[in-house]
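Questions regarding the structure given below will be posed in turn.
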Amino acid sequence: MEPSPATGGSETTRLVSPRDRGGAGGGLRLKSLFTEPEEPLPEEPKPVEMSFHHCHRDPLPQPGLTPERLQAQRQLCAACAVCCVFMAGEVVGGYLAHSLAIMTDAAHLLADVGSMMGSLFSLWLSTRPATRTMTFGWHRSETLGALASVVSLWMVTGILLYLAFIRLLHSDYHIEGGAMLLTASIAVCANLLMAFVLHQAGPHHSHGSRGAEYAPLEEGPGEPLPLGNTSVRAAFVHVLGDLLQSLGVLAASILIYFKPQYKAADPISTFLFSICALGSTAPTLRDVLRVLMEGTPRSVGFEPVRDTLLSVPGVRATHELHLWSLTLTYHVVSAHLAIDSTADSEAVLAEATSRLHSRFGFSSSTLQVEQYQPEMAQCLRCREPPQA
């Protein structure tokens, strides 16, 4: 083999003719060239490992629903299918029994179907990525779905309470005790099945990715609160209210079956247990309104967060501290940290962010570090907000 002029510092192999060098013979021979590169090849740029206090503490969320929300979607789909089947049965049974209580229970199941479908839509909508208009994404659609569920139950219950009141004033109705008893028994079984499907036995979350997985928050060290998915929680409370009413309807049907003269038990049971259904939605409505009003999360106190920031070495004061939520489990914090002139701002930012994440599980934190000035103590805008 014979070397040939290098054309780029790489290994080449080619066939050459001896005639090219004036030699005799017409055969071809193999020629190989091994030369060292004149200059080292440029290396590919490697990703830079960001420091642990960088704002993106969690890995990039995968497209689609998280495992928790997939579980919520399966629960809602199964409960919605059960609800549709037994709602149709209650409509037929209530019509045959001439029972307002049975029809009211069927109307509650209709409200359940609507609220669950709304919750499923909100779960799908919440997977859409953030945009320049919706910079936080669509997470709060889950909260709006829970609000729609509660409001729908209140509207239907108000109509049923009115009809029950009319029946108490006028006794010109007849009820088939046997058909009412059978339908009420089936309704109780249906609500028990839906409650079992929607029941969240415990938190299915990852402690390492609270923001992406919407894991429950915690106040200080210890186990997190099993809050669960907002939409499933609202649907579960909704079904519990229906179960209470179904039990009342069952008791009324037994009474009417054996004592037909006590047919007034039908509107009375509707009246009493509709009020119970309204009361069962009060905690969910309170939590939803707190989120929509951007109030401080119930599981995180203003004073503990403030004291945690002040305990960071180098921090002299804190102001503009804001705590709010996008959902019941997606909590956000922002604050200004006034530090000593000798403090390292990067170290302070790293320590403060780490403490907020580990102690309170904030999904997003925005901290502004600035030099402490004596006049901050007299600044009206730097003062803490008063107690509510």
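Quickly run through region 157-177 and pick out the residues that are open to solvent by less than 40 Å² (accessible area, probe 1.4 Å) and more than 15 Å from residue 269 (Cα to Cα).
Correct list: 173 only.
Got a number for residues in region 145-185 being free of Cβ contacts under 8 Å to residues at least 24 places away in the same chain and over 20 Å from residue 106 (Cβ atoms)?
Total satisfying the criteria: 3.
Working carefully through the options 183, 135, find the one that is surrounded by fewer than 17 Cβ atoms within 10 Å (Cβ to Cβ) and over 25 Å from residue 234 (Cβ atoms). If you could, list the steps in order and put the result at the bottom.
On the way: 183 fails: surrounded by fewer than 17 Cβ atoms within 10 Å (Cβ to Cβ).
Exactly one of 183, 135 is surrounded by fewer than 17 Cβ atoms within 10 Å (Cβ to Cβ) and over 25 Å from residue 234 (Cβ atoms), namely 135.
What is the residue count in region 64-106 for residues that are of a type in the set (Gly, Ala, Ser), open to solvent by 30 Å² or more (accessible area, probe 1.4 Å) and farther than 18 Å from residue 182 by Cα?
Of all residues in region 64-106, those of a type in the set (Gly, Ala, Ser) come to 64, 72, 78-79, 81, 88-89, 93-94, 97, 99, 101, 106.
Within this subset, residues satisfying the condition of being open to solvent by 30 Å² or more (accessible area, probe 1.4 Å) are 64, 78, 81, 88-89.
Applying the additional criterion that residues be farther than 18 Å from residue 182 by Cα yields 64, 78, 81.
Final tally of qualifying residues: 3.
Taking region 359-388, which residues are open to solvent by 70 Å² or more (accessible area, probe 1.4 Å) and either touching a Lys or Arg at 6+ places or on another chain (Cβ under 8 Å) or hydroxyl-bearing (Ser, Thr, Tyr) (or both)?
As a first pass, look at region 359-388 and keep what is open to solvent by 70 Å² or more (accessible area, probe 1.4 Å): 359, 366, 368, 371, 373-375, 378, 380-381, 383-388.
Selection gives 366, 384.
Additional query: Do we have residue 344 as open to solvent by 20 Å² or more (accessible area, probe 1.4 Å) and free of Cβ contacts under 8 Å to residues at least 24 places away in the same chain here? Before you say what the answer is, go through the steps one by one.
Details: open to solvent by 20 Å² or more (accessible area, probe 1.4 Å): yes; free of Cβ contacts under 8 Å to residues at least 24 places away in the same chain: no.
When the stated conditions are applied, residue 344 does not pass them.
Just one of 260, 267 is assigned by the TED database to the domain that holds residue 149, open to solvent by less than 10 Å² (accessible area, probe 1.4 Å) and of a type outside the set (Val, Ile, Thr); which is it? Even if it seems obvious, please write down each step before you answer.
Numbers: 260 fails: open to solvent by less than 10 Å² (accessible area, probe 1.4 Å).
Just one listed residue meets the conditions, 267.
Are any residues in region 118-177 among the charged types (D, E, K, R) and assigned to a helix (DSSP H, G or I), and if so, which ones?
We begin by selecting, within region 118-177, every residue among the charged types (D, E, K, R); these are 128, 132, 140, 142, 167, 172, 176.
Selection gives 142, 167.
Out of the residues in region 277-288 that are farther than 22 Å from residue 175 by Cβ and among the hydrophobic types (A, V, I, L, M, F, W, C), state the one that is modelled with the lowest pLDDT.
278
Can you report the number of residues in region 289-328 which are at pLDDT 90 or above and either in contact with a Phe, Trp or Tyr (Cβ under 8 Å, 6 or more places away or on another chain) or in a helix (DSSP H, G or I) (or both)? Give the steps one after another, and end with the answer.
At the first step, the residues of region 289-328 found to be at pLDDT 90 or above are 289-297, 300-325.
Applying the additional criterion that residues be either in contact with a Phe, Trp or Tyr (Cβ under 8 Å, 6 or more places away or on another chain) or in a helix (DSSP H, G or I) (or both) yields 289-292, 294-297, 300, 302-310, 316-317, 321, 323.
So the count comes out to 22.
Considering 343, 352, 338, 317, which residue is in contact with a Gly (Cβ under 6 Å, 6 or more places away or on another chain) and farther than 24 Å from residue 290 by Cα?
Residue meeting the stated conditions: 343.
Let me ask something additional. Looking only at region 278-288, count every residue that is open to solvent by 80 Å² or more (accessible area, probe 1.4 Å) and touching a Phe, Trp or Tyr at 6+ places or on another chain (Cβ under 7 Å) and tell me the total. First the steps, then the outcome.
The first filter runs over region 278-288 and keeps only residues open to solvent by 80 Å² or more (accessible area, probe 1.4 Å), leaving 286.
Remaining after also requiring touching a Phe, Trp or Tyr at 6+ places or on another chain (Cβ under 7 Å): none.
Final tally of qualifying residues: 0.
Just one of 256, 275 is more than 18 Å from residue 386 (Cα to Cα) and touching a Phe, Trp or Tyr at 6+ places or on another chain (Cβ under 8 Å); which is it? Steps first, please.
Values: 275 fails: touching a Phe, Trp or Tyr at 6+ places or on another chain (Cβ under 8 Å).
That would be 256, the only listed residue that is more than 18 Å from residue 386 (Cα to Cα) and touching a Phe, Trp or Tyr at 6+ places or on another chain (Cβ under 8 Å).
Now for a different question. Could you grab me the full set of residues in region 120-132 that are surrounded by 11 or more Cβ atoms within 10 Å (Cβ to Cβ) and not aliphatic (A, V, I, L, M)? Before you say what the answer is, go through the steps one by one.
First, pick out the residues of region 120-132 that are surrounded by 11 or more Cβ atoms within 10 Å (Cβ to Cβ): 120-128, 130.
Selection gives 121, 122, 124, 126, 127, 128.
The values are calculated or read from the model by the stated rules, or taken from the named source; none is laboratory data. None of the values given here were measured: they were computed from a predicted structure. Glycine gets a Cβ as well: all are built from the backbone with ideal geometry, and neighbour counts include every protein chain shown. All accessible areas refer to the heavy atoms of the entire protein, side chains included, with ligands and DNA or RNA removed. Shrake-Rupley method; radii C 1.70, N 1.55, O 1.52, S 1.80 Å.
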